[in-house]
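Working notes for the structure below.
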Amino acid sequence: MSWTLRRRALLAGLPLAAIAERPALAQGGAWPSQPIRLVVPFAPGGTTDLVARLVAAGLQERLGVSVVVENRAGAGATVGSEMVARAAPDGYTLVMSNIASHGISPSVYRGRIRYDAVTDFAHIALVVSNPTVWVANPRSGIRTLGDAAAKARSAGGLDVATSGAGSSNHLMVVRMGQLIGTELNHIPFRGAGPAMQAVIAGQVPMMSDSLPSAANHIRQGSVIAVAMASAERHPSFPEVPTFREQGFDLASDSWFGLSAPAGTPAAVVERLNRETRAFLSAPEIRARLAELGGTPGDLSAEGYGEFVRREVALWAPLVQASGATPD
């Protein structure tokens, strides 16, 4: 404990622990009174980063303080997430929790990460969910999943990029290899941005990606959309067939939310939930997310916490069955 806190405790006639254990919110006055750090556990350029910057801009306007995005990539989004789990629970450090960091990686990296995706966080709000899309380099000769399967069988494998080990896209690659009877070579990158650039450059022929980070590249023609992992064709890309239409029973949605360290004051969590949902309800934001292929979330803080709990339980047996391991 600092001398300042020790002196305050003595002057007030309080036990030292009573001051030491007070959250920063109580010591610093009304929240927020300083910039907020929003950690993205992936490299710049991917869906998580894109969504985080929309959220940062929205919260900055509504809260009246700067919201600074900080990218901390690595190990299936667990590096940045662990950093936030160990941060001060004062409402000034948040993380873009997602299907990798708080759904799948806890099982893929079991025994290697030092946080519990459920209990070590105060989950705030579900921001957006969206389907997975598989894209290919236009010069790869791959236009359908059948083309990809044929190439994989003839060459004894096919390289498929993702945003990193432990992601839902990683599991999609593993599962697709099982369905076609030939292992696909998972090529993990430190985020969707670097992975997409490798596909565009022809260094990797295919990628399993979240639709928001791939949408503009598809529209520009720098990659070809091969299949959408949604139950039905996506309204923003009606020309792209689903996996099931092409004979492969696969469907997968990615999701992204906002979380803080466990112990963050309930009043801060509720304020952040309220402001996030208000921001997401704005017509221009809903239109922007729809353009990118995403559906805005609308859950209470408690509802999002339960959502994360269900996701962890859902993916654990699937990870075990797939045999997915960190690359």
Within segment 163-179, work out how many residues are in a helix (DSSP H, G or I) and either open to solvent by 50 Å² or more (accessible area, probe 1.4 Å) or in contact (Cβ under 8 Å) with a residue 40 or more places away in the chain (or both). 10
Of the criteria (1) in a helix (DSSP H, G or I); (2) in contact (Cβ under 8 Å) with a residue 24 or more places away in the chain; (3) within 23 Å of residue 53 (Cα to Cα), which one residue 146 fails: (3)
Out of the residues in segment 216-229 meeting the condition of being in a helix (DSSP H, G or I) and not charged (D, E, K, R), tell me which one is modelled with the lowest pLDDT. 216
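Residue by residue, here is whether (1) assigned to a helix (DSSP H, G or I); (2) open to solvent by 60 Å² or more (accessible area, probe 1.4 Å) holds:
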site: 214; (1), (2): yes, no
site: 231; (1), (2): no, yes
site: 238; (1), (2): no, yes
site: 250; (1), (2): no, no
site: 255; (1), (2): no, no
site: 276; (1), (2): yes, no
site: 293; (1), (2): no, no
site: 298; (1), (2): no, yes
site: 313; (1), (2): yes, yes
All conditions in (1) loosely packed, with under 15 Cβ neighbours inside 10 Å; (2) more than 29 Å from residue 115 (Cβ to Cβ) are true of residue 266 except (2)
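Condition check ((1) open to solvent by less than 20 Å² (accessible area, probe 1.4 Å); (2) outside any loop (DSSP other than H, G, I, E, B); (3) under 20 Å from residue 174 (Cα atoms); (4) outside the structural domain of residue 71 (by TED's automatic domain parsing)) across all residues:
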position: 103; (1), (2), (3), (4): yes, yes, yes, no
position: 106; (1), (2), (3), (4): no, yes, yes, no
position: 117; (1), (2), (3), (4): yes, no, no, no
position: 142; (1), (2), (3), (4): yes, no, yes, yes
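If you check residue 55 against the conditions, is it over 12 Å from residue 193 (Cα atoms) and open to solvent by less than 20 Å² (accessible area, probe 1.4 Å)? Before you say what the answer is, go through the steps one by one.
Details: over 12 Å from residue 193 (Cα atoms): yes; open to solvent by less than 20 Å² (accessible area, probe 1.4 Å): yes.
Here the answer is yes, as residue 55 does meet what is asked.
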Could you list, in sequence order, the residues of segment 72-95 that are surrounded by 22 or more Cβ atoms within 10 Å (Cβ to Cβ) and either outside the structural domain of residue 272 (by TED's automatic domain parsing) or not in a loop (DSSP other than H, G, I, E, B) (or both)? 78, 80, 81, 84, 85, 94, 95
Among 239, 232, which is modelled with pLDDT of 95 or more, in contact with a strand residue (DSSP E or B) (Cβ under 9 Å, 6 or more places away or on another chain), farther than 16 Å from residue 176 by Cβ and not assigned by TED's automatic domain parsing to the domain that holds residue 102? 239
Please give the number of the condition residue 260 fails out of (1) surrounded by fewer than 21 Cβ atoms within 10 Å (Cβ to Cβ); (2) closer than 19 Å to residue 120 by Cβ. (1)
Scanning for something of a type in the set (Asp, Glu), over 24 Å from residue 307 (Cα atoms) and without any contact (Cβ under 8 Å) to a residue 40 or more places away in the chain, does segment 240-253 turn up at least one residue? yes
Are there any pairs, at least 6 apart or on different chains, whose C-beta atoms fall under 8 Å, with the first in segment 291-312 and farther than 26 Å from residue 233 by Cβ and the second in a helix (DSSP H, G or I) and charged (D, E, K, R), and if so, which? 301/270
Reported set for segment 241-267 where residues are more than 21 Å from residue 128 (Cα to Cα) and under 24 Å from the mean Cα position of the chain (by Cα) is 243, 249, 262, 263, 264, 265, 266
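The values are calculated or read from the model by the stated rules, or taken from the named source; none is laboratory data. A quick note: this is a predicted structure, and the numbers were derived from the prediction, not measured. Using ideal geometry, Cβ is built from the backbone for each residue, glycine included, and neighbour counts are taken over all protein chains shown. When the accessible area is computed, the model is the full protein with side chains, heavy atoms only, and any ligands, DNA or RNA have been set aside. Shrake-Rupley method; radii C 1.70, N 1.55, O 1.52, S 1.80 Å.
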